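Chemist: Okay, handing you the structure first.
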Amino acid sequence: MGWTFEEMDRMFHPRVVAVVGDKRDRDYMWLRSVSTIRGRVYSVQVDPQEIEGIRALGFPNYPSLRDIPEAVDYVIVAVPRHVAPRVLQDAIHKGVHAVMFFTAGFAETGEEEGIRLQQVLTEMARAARMKVVGPNCMGLFNPRWGLRHHVDQYYGEGGPVGFISQSGTHANAFSLVGYQHGITISKSVSMGNGIILHADDYLDYLGQDPQTQVIAMYLEGVPHARRLFHLMQAISPRKPIVVWKGGQTSEGARAAQSHTASLAASTALWQGAVRQANALWADSFEETLDLVKALCYLKEPVGPRLGLVAMTGGQSVVITDAFAKAGLQVPLLSSASYQELATFYSTVGGSYRNPMDMTPTIRNLDLVQRVLDILARDAHIDAICYEVNLAFVPRGERGLDRLVDLLGAFRERYERPFLCVLTPMHREGEEREVRLALARRGVPAFPSFLRAATAYRKVWDYYRERRERLVTPQAPALAQPVPPGS
């Protein structure tokens, strides 16, 4: 069942939304979440004990979808599972554009009744060609349009990142935590059991969406693996794709079956398909966050040679180990660079071979600037990583602000990738604000040397492979086809 870009796009831009079954014990979460859309919101509720609270919030309420006095684009359903088919029938009768089922308790339960009801919904939707998001999900998030699935999500502004998730928790967390890291969403979806619209449908849409430049996915299992692979293959030369696969172990696969009724497939097979499509593999939420951040903020890497700047001797050893373990290089600088460094760099308590131990110069921003400029001119260096260690940044006199300004200005001037590692030490309370301040200046800040090195390595691999594929066209067929249903 194919869907056009226009059909999917209208779903992400509903002008009229109806919420069926919202309740006080959820603090009317759904009505509050979509109250920010550019359009109108109606409630459908028959419980008289709920209607007063809904009207007090300012939402008109009707006993049925059919009674709403205008066409409806998007329906959010939060009713008990046995009522779900009746609501879907009303939506079909009214000609609703798309329906999202927050309602759970279907095939993921393994119960005969849950499986039967999911099959009923599937057959009804297929027969009516109704777009269904879910069931067992949180639905759509389009911040520019004000369409949300959590009251804490932002609206009115959006970014370049599309996110597809079979988990509502991960969809919520990626939008909320990502925002604290300078990552903003173009569109995202929590798709749950995915009985009609699947990961490949959302990927197809985000691949065409002009507001989406980077795509990340949390997947547990997909029914159309071959189409998903071919879409990744077609989209990745234009938009990088990060794949985080849940259920990588036998125990995790069992959990995925209980979560979204997803069938297990070999992790090695998934990794092989992701590699062949030149997508980026992530093993965790944190790695997904790091990779997306790097893809959003790093200039295109051209090589593996890093110039590393740490605040102390011990940190300079550890940062070097982290980047070397990631398969990257920390080369010696050119003789011209060493001659220039020798004119001002004190070796008392520090060193400047690469990595740079900034101990003697750490509080002098003019010297920090000179060190970065020398690294930027050095022909042996492809990218620079700078440690912002809050323990050594002076308080007061705008010391931190001046450092952030310096690093942001350097990032703008430096034509190659520049990244930071933010080490809070005992000043954890300042970490978030500094990280966001750096992001506002276009500088990605990672919480550890290892995470920075891993992100840089994977992003460099992606761009290197993309350049090579542009020179040498790849065969379209899979070397090891992913079997249908995996």
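The values are calculated or read from the model by the stated rules, or taken from the named source; none is laboratory data. All of these numbers come straight from a predicted model, not from anything done at the bench. Positions of Cβ are generated from backbone atoms using ideal geometry, with glycine treated the same way; all protein chains shown enter the neighbour counts. In case anyone asks, the SASA skips ligands and DNA or RNA and just uses the protein heavy atoms, side chains included. Shrake-Rupley method; radii C 1.70, N 1.55, O 1.52, S 1.80 Å.
Chemist: Going by the structure shown, is GLY207 surrounded by fewer than 24 Cβ atoms within 10 Å (Cβ to Cβ) and either touching a residue at least 60 places away in the same chain (Cβ under 8 Å) or in contact with a His (Cβ under 6 Å, 6 or more places away or on another chain) (or both)?
Modeler: Taking the combined requirement at face value, the residue does not satisfy it.
Chemist: Whether any residue in the range 44-61 is open to solvent by 40 Å² or more (accessible area, probe 1.4 Å), within 22 Å of MET130 (Cα to Cα) and charged (D, E, K, R) is what I want to check.
Modeler: no
Chemist: May I pose another question? Can you list residue pairs whose Cβ atoms sit under 9 Å apart, with the first residue in the range 81-98 being on the phi > 0 side of the Ramachandran plot and the second being open to solvent by 30 Å² or more (accessible area, probe 1.4 Å) and not in a helix (DSSP H, G or I)? Count only pairs 6 or more apart in sequence or on different chains.
Modeler: Final answer for the pair search is GLY95/ALA71.
Chemist: Turning to a different aspect of this structure: For residues that are hydroxyl-bearing (Ser, Thr, Tyr), out of contact with any Gly (no Cβ under 8 Å at 6 or more places or on another chain) and either within 19 Å of ILE381 (Cα to Cα) or buried (at least 19 other Cβ atoms within 10 Å of the Cβ) (or both), tally how many sit in the range 315-352.
Modeler: Counting residues in the range 315-352 that are hydroxyl-bearing (Ser, Thr, Tyr), out of contact with any Gly (no Cβ under 8 Å at 6 or more places or on another chain) and either within 19 Å of ILE381 (Cα to Cα) or buried (at least 19 other Cβ atoms within 10 Å of the Cβ) (or both) gives 8.
Chemist: Another one. Looking at ARG86, ARG66, ARG116, ARG144, can you tell me which residue is basic (Lys, Arg), buried (at least 17 other Cβ atoms within 10 Å of the Cβ) and in a helix (DSSP H, G or I)?
Modeler: None of the others qualify; the one that does is ARG144.
Chemist: Enumerate the helices (runs of 4 or more DSSP H) found wholly within the range 321-423, keeping only those where 1 or more residues are polar (S, T, N, Q).
Modeler: In the range 321-423, the matching helices (runs of 4 or more DSSP H) lie at 335-341, 365-377.
Chemist: Separate question: Can you tell me which residue in the range 394-405 is modelled with the lowest pLDDT, limited to those that are of a type outside the set (Lys, Arg) and surrounded by fewer than 19 Cβ atoms within 10 Å (Cβ to Cβ)?
Modeler: GLU397
Chemist: Residues of the range 302-314 being buried (at least 22 other Cβ atoms within 10 Å of the Cβ) and over 18 Å from LEU332 (Cα atoms), which ones?
Modeler: Result: MET311, single match.
Chemist: Follow-up. Any chance you could count how many residues in the range 89-103 are open to solvent by 10 Å² or more (accessible area, probe 1.4 Å) and in a helix (DSSP H, G or I)?
Modeler: Qualifying residue count for the region: 5.
Chemist: Can we say TYR74 is of a type in the set (Ser, Thr, Tyr), in contact with a Gly (Cβ under 6 Å, 6 or more places away or on another chain) and either in contact (Cβ under 8 Å) with a residue 60 or more places away in the chain or open to solvent by less than 10 Å² (accessible area, probe 1.4 Å) (or both)?
Modeler: No.
Chemist: Here is a follow-up. Tally the residues that are open to solvent by 20 Å² or more (accessible area, probe 1.4 Å), in contact with a Lys or Arg (Cβ under 9 Å, 6 or more places away or on another chain) and of a type in the set (Ser, Thr, Tyr), restricting the search to the range 168-204.
Modeler: Count: 0.
Chemist: Of the residues in the range 3-27, how many are outside any strand (DSSP E or B) and touching a Gly at 6+ places or on another chain (Cβ under 7 Å)?
Modeler: 3
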